[in-house]
Amino acid sequence: MAGGGGEGASLEYTPTWVVAVVCSVIVAISFLAERILHVSGKYLLKKNQGSLFQALQKIKEELMLLGFISLMLAAFQSRLSKICIPKGWTNHWLPCNKDLKSTAHFATFSRRLLAAASDSEGYCEAKGKAPLLSVQALHDLHIFIFVLAVSHVVFSALTLIFGGLKIRQWRHWEESILKKEYDPEEAIRTITHVQDHAFIRNRFSGIGRVPFFGWLKSFFKQFFRSVSKEDYTTLRLGFVMNHCRGNPKFNFYKYMTRALENDFKKVVGISWYLWVFVVLFLLLNVYGWHAYFWISFAPLILLLALGTKLEHIIIQLAREVAEKHIAVEGDLVVSPSDDHFWFHRPRLVLVLIHVILFQNAFEIAVFFWMLVMYGFDSCIMGEVGFVIPRLVIGVFVQFLCSYSTLPLYAIVAQMGSSFNKVIFDDNVQAGLAGWARKAKNKGVAKGKGSVSNHQESPLLKLEMMQSPPTNHNNGPTPEIRHAT
């Protein structure tokens, strides 16, 4: 081994200049990546993008986890490869049929990186057994985990970027609303005929009143012009009148985009249950099952169901007004409520988007990993008739989620009973948090039960009827009814 047997030369017999050059390149690349993340974080903080900064921190956590996984695989690869199992156990649940081996399966550029596999195979072969996991297979698994993590982060970021571009088109709607002079007395004198309102005509009229056709309309609506100007204006007014009645000039667009950025930090991470999905997917990749082909329909079905539900929530808001009123004083106002969401939980929508993006990233990551490691003609890649539809579905899911579902979520998620804490800017949030801590400590010191009771409630209910705090961007902050 010292002179370079089957495992190659060790560091004892490797030229020092080779070691120095390779280490320099690795350190330089790592340092450059760290500097890019550091500068990006400083830029986001400078631009007061606290939510995106937290998302960047989440990415750093994923990279740290990835580094730890790499360390574990590298440290224990020799021991894992020398865990021997009966040979009969290796003949079942294979991604490829051993009888159909082809030379294309063994891509030379990657499979020679760890030649120590022959040593582990010889060690178990001497015992009449097979290694639990060869060094070559361990190396391939290592690369797959890296590709999966990077793909998830990249595709989540692309979804936010392209979805943000779509949402940015709504800014001029908000600006036109804010430019209008608001006269409360004139608003009260105005009589709005509900059935003639553009929002009601577009969302709840004709055969759309029939529940089945309402769901059918919601399904097709997500593919084109999922949110119209009438939808945005009406939903915005419903939010403002329900949560910020005292401030009709509230910048709903800015609040909505900040809430979306705040939610993005949850989407970019890989939660434990998503790793469970990875293990299940790897388990089901058995020759002849075409598991990855069937699994590719899961994010598509979930996405279509979610888009339909979000569109139908808007229809439900229109139905509530149309069935209760013929005419109303002032503008038409919808009533946000958690009852419109699955299990009365608006946050469940975010979880589903998280799962959809991860599953789609998994599908695309698996394809590129197989393509680079084994080649397009390898048996593990599968038949062309199953591979091409997987790619088409993956691209379609990515496009629809960015173009339609994410913008829909951004506005419909605000139609719950409560609102996101980002309704306060960072200074106001810090002030309220400090005030709450002081009030809590003062109550504990004095033994007052009235302050202690607030600890039992999951919601902090604030009443600012007379002297509301100052909102530096939109003037005085209005009456706050509920906060999350």
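Only the coordinates and a few stated rules stand behind these numbers; no lab work does. No experiment lies behind these values; they were computed from the predicted model shown. Using ideal geometry, Cβ is built from the backbone for each residue, glycine included, and neighbour counts are taken over all protein chains shown.
Pairs K221/K324; K229/K249; K180/K249; K179/K229; K60/K266; K179/K249: which exceed 19 Å Cα-Cα?
Details: K221/K324 25 Å; K229/K249 17 Å; K180/K249 9 Å; K179/K229 16 Å; K60/K266 13 Å; K179/K249 9 Å.
Over 19 Å apart, Cα to Cα: K221/K324.
Could you list M373, M415, M64 in order of exposure, starting from the residue whose Cβ has the fewest other Cβ atoms within 10 Å? Spell out each step's value before the answer.
Values: M373 20, M415 23, M64 10.
Starting with the residue having the fewest Cβ neighbours, the order is M64, M373, M415.
Stretch R245-R345 to full length: gain in nm at 0.36 nm per residue minus the Cα-Cα span? Could the numbers behind the result be given before it?
On the way: separation 100, 0.36 × 100 = 36.00 nm, distance 2.40 nm.
Stretched out fully, the R245 to R345 stretch lengthens by 33.6 nm.
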* Return the sequence-ordered ³J(HN,Hα) values of the range 236-249 in whole Hz as given by the Karplus equation 6.51 cos²θ - 1.76 cosθ + 1.60 applied to θ = phi - 60°, using x for Gly and Pro. => 4, 5, x, 5, 5, 5, 7, 10, 9, 4, x, 9, x, 8
* Asked: Out of residues 5 or more away from F419 or on other chains, whose amide H comes under 5 Å of its own, with H placed 1.01 Å from N in the peptide plane?
  -> T484
* In nanometres, what is the gap between the two model label sites at F376 and S418, each 7 Å from Cα along Cα-to-Cβ? -> 5.2
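Given 0.36 nm per residue, what is the gain on full extension from T192 to F68 after removing their alpha carbon distance, in nm?
Numbers: separation 124, 0.36 × 124 = 44.64 nm, distance 6.20 nm.
Result for the pair: 38.4 nm of gain on full extension.
Using the beta-carbon distance between K229 and W272 and R0 = 41 Å, what value does 1/(1 + (r/R0)^6) give for FRET efficiency, to the nearest 0.05? Before the final figure, lay out each step's value.
Values: r = 42 Å, r/R0 = 1.02.
According to the calculation, E is roughly 0.50.
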* Structure fact -> Two pseudo-spin positions, 7 Å from Cα along C-beta at C23 and at H38, lie apart in nanometres by 2.1
* Structure fact -> In whole Hz, the Karplus estimates of ³J(HN,Hα) for the range 359-372 (6.51, -1.76, 1.60; θ = phi - 60°; x where Gly or Pro) are 4, 5, 5, 4, 4, 5, 5, 4, 4, 5, 4, 5, 5, 6
* What are the residues whose amide H is under 5 Å from the amide H of C84, where those residues sit 5 or more places off or on another chain and H is modelled from the backbone? -> L132
